[in-house]
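Take a look at the structure below.
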Amino acid sequence: MSEILTINNLKVWFHTRRGTFKALNGVNLNLRKGEVLGLAGESGSGKSTLGLSIMALLPSNAIIVRGSKIILKNRDYLKYFELFPEEKIDRKFKIKKNQKIMKHIRDFLAKIRGKEVSMVFQEPMTALNPLLQIGYQITEALLAHSSINLAKRILSRINLTEDDVREILKIVKSSKNVEKDLNEFSKLKKLDGIEDQVLYILNRKDLSTIRKERMIYSLKEKMKNPLTMSYLKKIAENKSIGIYRFLNRIPILKRYLKGVLIKEGYRKAIELLAMLNIPHAEKVVYMYPHELSGGMRQRVSIAIALANNPDIIILDEPTSALDVIVQYQILQLISELKYKLNISFIFISHDLSVLAEVCDRIAIMYGGRIVEIGPIDKIFYESLHPYTKGLLRAIPKISKDIKTIESIPGTVPDMRNPPNGCMFHPRCPYVMDVCRNKVPKSIEYSKDHFVECFLYGE
Amino acid sequence: MKLWLYIIRRILLIIPTLIGLTIIVFILIHVRGNNLIIAEYLNPHLTGAARDYAIQQLYQRFHLNDPLFIQYFYWLYQVINGDLGLTRTPIYSGPVNTALALFYPNTIMLALVSSILIWIIGIPIGVWSAVKRDSVFDQSTRVATFTLYAMPAYMVYLLVLIIFAVYLKWFPISGAVDPLLLQGVSWYVNGISYPTHIIFIDALLHGDINIALNSIWHFILPSLGIALGGVAGIIRLLRSSMLEVLDQDYIRMARSKGISESEVINIHARRNALIPAVTSFVYGVAGLLGGVVVAEVIFNIPGVGYWTVQALLNNDAGGILGSTLIFGIILVTASLILDIIYAALDPRVRY
């Protein structure tokens, strides 16, 4: 498996009035294609900050320290920016200058946000704008990155001839590998985007075969007016839209230009929602967030994240605000998507039992560092780091009759003045002298299983 | 379609409110006693039997011998037919509804122009000072709005007048329209223009662009003064609600989609932040429609506030009660409009 995301020595600090809050202190992480990586740890260990740094959505007082590397698909984005070195971040630090750099990074990464990396947030209740329709909120993500695809979909329906439809029906009825044949067909006839629409109709479970055939027949669309057509062609060919940008501001004309794309976005949104097992997707796109339940809203958030076929989806505690049954459904959905779409997930959660359901590997975070990372079995059954052991012991077990819940003594360190040496040493039961002075290096204990602790290795 | 039904239901619901309002005004009229009601209509030169006869006639005309609740319906019938009684003030004597036709158009014009100014000045500044939080722009807006807040209204008006009319001479000093332009105009009779009574609209209807422009030109300065007084509150309110909205999860979600920052602000943040500001704005406009006394006096515009104050000073019951009734109706309508705006802006409002 190839690595899609590599994070090297990532340090993200926050400038506050009462000192510098060191949220991430040298995170090393790699994410492979098509895997689910769990990120676990206490509150304040920097899980969410790590997610936000990958998205470049950090708040304006955040500082990315020089030497940090976020390499996404072999491109190191941070190397273009003049980041501040560690020594310079002290009491006299000029936050204004850093804010400018952070803004540059935010703007620069806007083109990958949502397209290559996207994120699902914790609270489905507040993550959707209450005043906008579900369909519009999905369409917006599509318009931001894949308006070309939308235009191609419309044009493919317009260019569809009766013979093409007959051929499609023949493929649908007789072919063994419908998906592949349809792809070939659409490439041959230059009807990009028609295959998705046919497949969506075929994959629907609530329709009879006759009804499906009739729907494929009715895919054919009439020619639009010349203005709309030329606009769509320009977008489909990825040319600059020049004058149309101004025409899009005129309310009546907007209906025939951008409005056509928005309408197509709603169509695509219906397909996305149906893929995520939302019943009556045709109605749901016209609803507002308050009309949906928590689980449905979380699915809509996932649909928004999936809209542009990203390579990585960061799930920031997507199930924490949901009840157990909905939680299970969402987890099912995520494992399904993993196999279907070959997307890599970073699943952030403080709940190890949730991570156990879906993850391939788990990384344990403490004090802004990844203290242990490894395949899920190794983490659960052969855990090495004292903190991981403590975490696993703290999961209450139903099978035992427990009087007290075990926990790790002490609290998360104050990240304004983090302890010297190993972050965990004040709470560690196996603390040694070396722990107090030196930061442990990452050791590959067994294959793929890394740990940062002096107890292991030489 | 559902919104349409909701509007009809809301309109039906204001009927009880209006009945309550008319009852209160009616009681206020009768608290003064019957003599004061007929005083306006009685010829003061009559004496003896003739005077008694005239009083008897007036008692019969106003049904003053009937029980009070029957009198209410007679009075209501009279009000619905457009008869609000008589007024006698130094600036105008005659029927109240003629007085309203004379003074109200100026107030409406003033309220409309100034509320449009408040809207187009307030929204961008409020939104931008929240987006560019703690920037030079934000800080200077803060200083300016608090200065405007702290200044008494008449001082703002006088400053505007001195700067733009006296020194720069961009706008006329006073008046609602240049009287010379109205000489010999067929649709302008005895200070009242026809058919809508609002000079600007009537001029446009009759194709007199000159007069329309002149009237707008006269109204800009007083409206600017009023707008500067009212805009400070809107800016502060909008800024704080905008800051609150920008902190919400759905704004972060919108950014995570990769849409441009201007779209985040214009589509996601602004509309949400406007909802609390709309309340303050609509009641502000309703207040303006009740007359801005100080502005009307300073800019010498014969508006309804000016007339009401004259009625108050001269103990003129007809004028006071007439304007009370009208102002009550305006407030009720304003809350109706507010509900409709809410329903249109926010899908969470159930209807």
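Highest mean first, the peptides A:319-328, A:149-158 sorted by other C-beta atoms within 10 Å per residue fall in the order A:149-158, A:319-328.
Peptide A:112-121 has a mean shielding of 3, counted as Cβ atoms of other protein chains within 10 Å of each residue's Cβ.
Put +1 on the Cβ of each Lys and Arg and -1 on the Cβ of each Asp and Glu in the stretch B:94-315; which of B:ILE163, B:ILE201, B:VAL245 then has its Cα farthest toward the positive end of the dipole? Working it through, the farthest residue towards the positive pole turns out to be B:VAL245. The residue among B:ILE192, B:TYR283, B:TRP217 whose Cα reaches farthest toward the positive pole of the charge dipole of the stretch B:176-286, with charges on the beta-carbon of Lys, Arg, Asp and Glu, is B:TYR283. Taking all Cα pairs closer than 8 Å and separated by 6 or more residues, the relative contact order of chain B comes to 26 percent. Here the simple spin-label model places points 7 Å from the Cα toward Cβ, and for B:ARG142 and A:LYS222 these points are separated by 5.9 nm. Under the simplified labelling scheme, the B:LEU345-A:LYS234 pair shows an inter-label distance of 3.5 nm, with each label point 7 Å from Cα along Cα→Cβ. The simple Förster model, with R0 at 60 Å and r as the Cβ-Cβ distance, assigns B:TYR53 and A:TYR256 a FRET efficiency of 0.20.
Here, P(r) means the percent of Cα pairs in each 10 Å bin from 0 to the largest distance; for the protein assembly as shown it is 2, 10, 15, 17, 15, 13, 11, 8, 5, 2, 1, 0, 0.
Among A:GLU82, A:GLU282, A:GLU271, the order by Cβ neighbours within 10 angstrom, fewest to most, reads A:GLU82, A:GLU282, A:GLU271. For the listed residue pairs A:LYS73/A:LYS338; A:LYS152/A:LYS220; A:LYS115/A:LYS152; A:LYS94/B:LYS257, the alpha carbons are over 21 angstrom apart in A:LYS94/B:LYS257.
In the structure shown, the pairs A:LYS33/A:LYS447; A:LYS96/A:LYS438; A:LYS389/A:LYS438; A:LYS69/A:LYS441 are assessed against 24 Å; a Cα-Cα span above that value is assigned to A:LYS96/A:LYS438.
When peptides A:41-51, A:209-219 are sorted by average Cβ neighbour count within 10 Å, with the highest value leading, the order is A:41-51, A:209-219. Tell me, how many Å apart are the Cα centres for the stretch A:347-386 and for the stretch A:54-103? The distance from the Cα centre of the stretch A:347-386 to that of the stretch A:54-103 comes to 27 Å.
Geometric descriptor of chain B, per residue, is 191 Å³ (volume of the convex hull of the Cα atoms). Counting, for every residue in B:243-256, the Cβ atoms of other protein chains within 10 Å of its Cβ and taking the mean gives 6. A Förster radius of 41 Å, combined with the Cβ-Cβ distance separating A:LYS69 from A:MET432, puts the computed FRET efficiency at roughly 0.85. The calculated 222 nm mean residue ellipticity attributable to helices in chain B amounts to -23000 deg cm²/dmol, summing -39500 (n - 2.57) over DSSP H runs of n ≥ 4 and dividing by all residues.
Note on the protein assembly as shown: with charges restricted to the Cβ of Lys and Arg (+1) and Asp and Glu (-1), its dipole about the Cα centre is near 2200 debye. Cα centroid separation, the stretch B:94-117 to the stretch A:444-458: 84 Å. Full extension of the chain segment joining A:LEU199 with A:ASN417 gains 72.8 nm, where the gain is 0.36 nm per residue of separation less the Cα-Cα distance. Averaged over the residues of peptide A:297-305, the number of Cβ atoms from other protein chains lying within 10 Å of each residue's Cβ is 1.
At an R0 of 25 angstrom, the distance between the Cβ atoms of A:HIS290 and B:LEU3 translates into a FRET efficiency of 0.90.
Working from label points 7 Å from Cα in the Cα-to-Cβ sense, the B:GLU261 to A:SER335 distance is 4.3 nm.
In the distance distribution for chain A, Cα-Cα pairs more than 35 Å apart total 41 percent. Entry note, chain A: relative contact order of 23 percent, from Cα contacts under 8 Å with a spacing of 6+ residues. Taking 0.36 nm per residue of separation and subtracting the current Cα-Cα distance, fully stretching the chain between B:ASN300 and B:THR279 would add 4.6 nm.
Along the axis of the charge dipole computed for the stretch B:20-93 (Cβ charges of +1 for Lys and Arg, -1 for Asp and Glu, origin at the Cα centre), the listed residues B:VAL31, B:PRO90, B:GLN71 are led at the positive end by B:PRO90. Of the peptides A:369-376, A:380-387, A:427-434, the ranking by mean beta-carbon count within 10 Å, highest at the top, reads A:369-376, A:380-387, A:427-434. Here the protein assembly as shown carries DSSP beta bridges of which approximately 65% are antiparallel, counting only pairs with both residues inside. Between the stretch A:160-209 and the stretch B:147-214, the C-alpha centres lie 69 angstrom from each other. Taking a label point 7 Å from the Cα of B:ILE70 along the Cα→Cβ vector, which residues of the stretch B:6-33 have an amide N closer than 11 Å to it? Within reach of a label on B:ILE70: no residues.
None of the figures in this text is laboratory data; all of them are computed from the coordinates on show. Just so it is clear, the structure is predicted and the values come from calculations on it, not from any experiment. Neighbour counts run over all protein chains shown; Cβ positions are idealised from the backbone, glycine included.
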